[in-house]
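Right, one structure below, let's go through it.
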Amino acid sequence: MQSIGERFEEARKRKGISLREAAEATKIRSDFLGNIEQNKFNFDLPEIYKRGFLKNYARYLKLDPENILTDYSAHLLSKSRNSTKGAELFGSMDVKGTSTEPAGDQNEEPSYGRISANAPAGEAEEGEPNLEDESDKIFYIKAGLVAVGTLALVVVIFSLIKAILGSGDDSVIEIEDLRDPAAITETAESTEPSNPASPEESITLIASGNVYVLVKQRNDNQELFRKTLSGGETVTLAKSGPVDILFTAGENLVIVNPAGEKLRPKGEGTAKISIQ
């Protein structure tokens with residue numbers, strides 16, 4: 001019949017796994033695994049850890065943990081009986097009255113929770129550290145931290161994008177912030193307005209380049225115009241009262257107010273202008 005260590009060693013070699021790989025997978029030191037495969041269970045650890053190592057190593061190599069622990073308990077019982085027989089053999093040579101102290105108290109090694117052979121198997125395993133469960137908990141904690149960090153990064157990126165895109169929405173350039181477009185020397189061809197209006201109640205948009213324009217009437221919030229104008233394109237709009245003009249490229253737009261003045265925003269980029 002194979003010993004515990006021989007079964008472990010045979011199962012590991014059959015799977016083509018080295019001691020180092022097994023140690024990394026089970027989180028058990030390779031010297032402890034080597035001692036287990038050589039049936040050397042006297043390494044300096046409490047008994048509960050030895051049983052935990054045997055159980056996790058058996059699971060890793062697809063062996064039956066219960067059979068391994070049962071054989072290990074039998075191994076401890078056999079070793080205990082051999083030790084008792086040896087103590088009785090040497091004790092028969094003692095002379096009566098030479099010592100008043102029990103033989104078991106002299107230089108006795110401290111016990112690490114050796115389990116009695118009469119204890120049920122369920123009690124023997126009680127309190128064993130489940131190293132596999134601990135590894136799973138650490139993995140889930142790390143995964144949760146990574147997920148939270150990724151979500152926070154996405155929120156920050158979206159906030160930055162929103163702040164950049166909306167930075168020009170609140171910028172209102174009043175009429176005094178417009179200047180005369182001296183660069184324009186020729187009158188651009190104007191397209192026929194869809195709804196003719198008197199000069200006092202109309203504005204004209206002249207595009208010197210591509211520019212997106214949105215015109216809304218302030219009194220009733222009616223949208224008068226929304227389109228991307230190309231260079232050289234002109235549009236005349238009828239209005240009633242003040243209007244707000246939102247545009248994306250102020251350097252490419254000229255606005256002719258009801259008084260016939262050609263005005264261009266001083267700044268570049270997205271802005272909003274109010275025309276009375």
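A few points about this structure:
- Förster radius 45 Å - calculated FRET efficiency between ALA152 and ARG218, Cβ distance, rounded to 0.05: 0.65
- Length available on full extension from ILE17 to LYS79: 0.36 nm per residue minus the Cα-Cα distance, which gives 19.3 nm.
- Amide proton proximity set for LEU263, modelled H, under 5 Å, gap of 5+: ILE255, VAL256, ASN257
- For LEU224, the residues whose amide H sits under 5 Å from its own are VAL215, LYS216, GLN217, ignoring neighbours fewer than 5 places away on the same chain, with H placed 1.01 Å from N.
- Above-threshold pairs, the threshold being 19 Å between Cα atoms, out of LYS55/LYS142; LYS50/LYS79; LYS13/LYS137; LYS15/LYS50: LYS55/LYS142; LYS13/LYS137; LYS15/LYS50
- Filtered chymotrypsin sites (Phe, Trp or Tyr not before Pro), segment 14-70: DSSP coil and at most 16 other beta carbons within 10 Å: PHE43
- For LYS227, the lysines whose Cα comes closer than 25 Å to its Cα, not counting residues fewer than 8 places off in the same chain, are LYS162, LYS216, LYS239, LYS262, LYS266, LYS272.
- Sorting ARG59, ARG81 from the fewest to the most surrounding beta carbons within 10 angstrom yields ARG81, ARG59.
- For segment 204-267, the list of GluC sites (Glu not before Pro) that fall in a loop by DSSP and count at most 16 other C-beta atoms within 10 angstrom reads GLU261.
- Gain on full stretching of the segment that runs from ASN67 to ASP44 - 0.36 nm per residue minus C-alpha separation: 5.9 nm
- Gain upon complete extension [THR248, ALA143; 0.36 nm per residue less C-alpha separation]: 33.5 nm
Quick note: the coordinates plus some simple rules give every number you see, no bench work behind them. Keep in mind it's a predicted model, so treat the numbers as computed, not measured. Using ideal geometry, Cβ is built from the backbone for each residue, glycine included, and neighbour counts are taken over all protein chains shown.
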